[in-house]
Each structure stands twice: as structure tokens, then as C-alpha cells.
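Scroll down for the structure; my scribbles are underneath it.
The values are calculated or read from the model by the stated rules, or taken from the named source; none is laboratory data. Quick caveat, the model's predicted, so the values are computed rather than measured. Using ideal geometry, Cβ is built from the backbone for each residue, glycine included, and neighbour counts are taken over all protein chains shown. The protein model used for the area step is the full one, side chains on, heavy atoms only, and it has no ligands, DNA or RNA in it. Shrake-Rupley method; radii C 1.70, N 1.55, O 1.52, S 1.80 Å.
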Amino acid sequence: MLISALADLSGTPAATIKYYVREGLLPAGTREGGNRTSYDDTHLHRLRLIRALLEVGKLSIGSVSAVLEALDDDERPIAETFETAQNALSRDAVPGVSEPGAESFERADGVIERAGWAHCGDNVGRRIVAQTIDAFAKAGHPLTDDYLDRYAEAAATVASADLDAVGAIADRADRTELMVVGTVLGDTLSLGLRRIAQAHRTAERNLR
């Protein structure tokens, strides 16, 4: 297909498609006679993935590039690709946030320990949890251990759902891509469902 058809099918302006090609996010098309360049379904699939990461996942161009590079590396272990996606999402989600205090890190470690999550001390999520604990305290609403542990329990349920979906896919490339997409877009899904659940529980408990 020509770039005009790719633009129509993907809902992406031709100029933007060319920009993604220049940035290395999208493979170049196949040169034909004259100035014609053709694209195929793999370009359409990649373009839709790029837009999901940018528009829904809110990643930067640089982070999308890192994630796609990891996806394209067939020799890279899935766990490493997963970590790349986590780091990219976390870097773009909490820019400019101050370093949390030692007490907040200790409390984050406490949550990890009580949840029984082994080998997670260097995960980027530890810093995010500590930052959040710090922010609540500074706002005058320090979090209790019970509150944190209930969030951890909910997170474990979501993580199991993610990995169950990934494990059901036989093809390695598709499995890896779903893990990355689920990592990036799953946060947005969780946010939306949490908003709905909060509204439901508020009405159910008749809070005023």
C-alpha cells in the first residue's frame, strides 16, 4: 500500500508517518519506481503500536524507541524486555519528582517484604512507591501499613492477570509484545477501572 493508504488505515497523517520513519520507530517502506514507496501490514501494525504507546501510554519518543528496540531484539530475554518497558513507563510517568526520604524507602521495603515479593529490591517500582508514600506524608495524610498492604494485594491480582494473558500466547514475539503493551497500557486501564470502582463504592456507602 502507498503512504496515503497507510495514513487512512491508521488515522495517522503522512507527515507523521515520515517522522516516525526518520526517528527509527517505523521501518522504511519498499522503494518502487519513481518516488513511490510501498508499505504492508507489518507497517500498519507497528504504527498502531507506536500510537498506542505515545497517545495512551503517554511515553516520550525516546522511550518508545527504547521499547521498540527491545521488542525487535529476538535474542533479548523476555524479562529484560519487560524491564525496559517498566523503566520507560516509570521514567515518563514521574518526571521531576524529588528523591524520597530514607523512611519512605524503608516503608516501601516493608510492603515488598510483607507481600513476599522476592528479588524486587532493585525494581523501579520501589522508588515510585517510596515517592508516593513521601508525597502522602508531605500532604498531611500519611499512609497506614494496612492501606499499603491492600494496594499490594490488589497489585498482585492484576500482575497475575497480566501474566496469565501473556502465558496463554504460544508465539514468542506476540507474547513479548503483549507483555510490553500490557505494561504500558495496563496502567491506564487500572486508572480507569479504579475511577469507576471509586464512584461505585462511594455511592454504595452513601458517603457525603
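Would you work out what percent of the accessible area of the chain, with all protein chains in place, is carbon or sulfur (probe 1.4 Å)?
Working: 7160 of 12960 Å².
C and S fraction of accessible area: 55 percent.
First check a/c for the range 60-171, with a ≥ b ≥ c the square roots of the eigenvalues of its C-alpha gyration tensor; if it is under 1.5, answer rounded, and if not, answer prolate when a/b is larger than b/c or oblate otherwise. Don't skip to the end; give the middle numbers.
Numbers: a/c = 2.50, a/b = 1.51, b/c = 1.65.
Oblate, because a/c is 1.5 or more while a/b does not exceed b/c.
Nearest 10 degrees, 0 to 90: what angle lies between the long axis of helix 78-93 and the longest principal axis of the chain (Cα atoms)?
That helix lies at roughly 70 degrees to the long axis.
What are the residues whose amide H is under 5 Å from the amide H of T37, where those residues sit 5 or more places off or on another chain and H is modelled from the backbone?
The list, which skips near neighbours in sequence, is I3, E32.
Taking the chain as a Gaussian network, Cα atoms linked when under 10 Å apart, which of T176, T42, T81 shows the biggest mean-square fluctuation?
Looking only at T176, T42, T81, the largest GNM fluctuation is found for T42.
Per residue, how many Å² of accessible area does the range 48-207 show with a 1.4 Å probe? Before the final figure, lay out each step's value.
Details: 9920 Å² over 160 residues.
Per residue, the range 48-207 has 62 Å² of solvent-accessible surface.
Keeping all protein chains in position, work out how much accessible area V181 exposes to a 1.4 Å probe, and write it in Å² to the nearest 10.
30 Å²
With a 10 Å radius around each residue's Cβ, average the other Cβ atoms per peptide and rank 73-80, 26-33, highest first. Walk me through the numbers on the way to the answer.
On the way: 73-80: 10.5, 26-33: 13.0.
Most protected by this proxy first, the peptides run 26-33, 73-80.
Quick one: 3J(HN,Hα) in Hz for the range 47-56, Karplus 6.51/-1.76/1.60 with θ = phi - 60°, rounded, Gly and Pro as x.
Residue by residue, the range 47-56 yields 5, 5, 5, 4, 5, 5, 5, 6, 8, 8 Hz.
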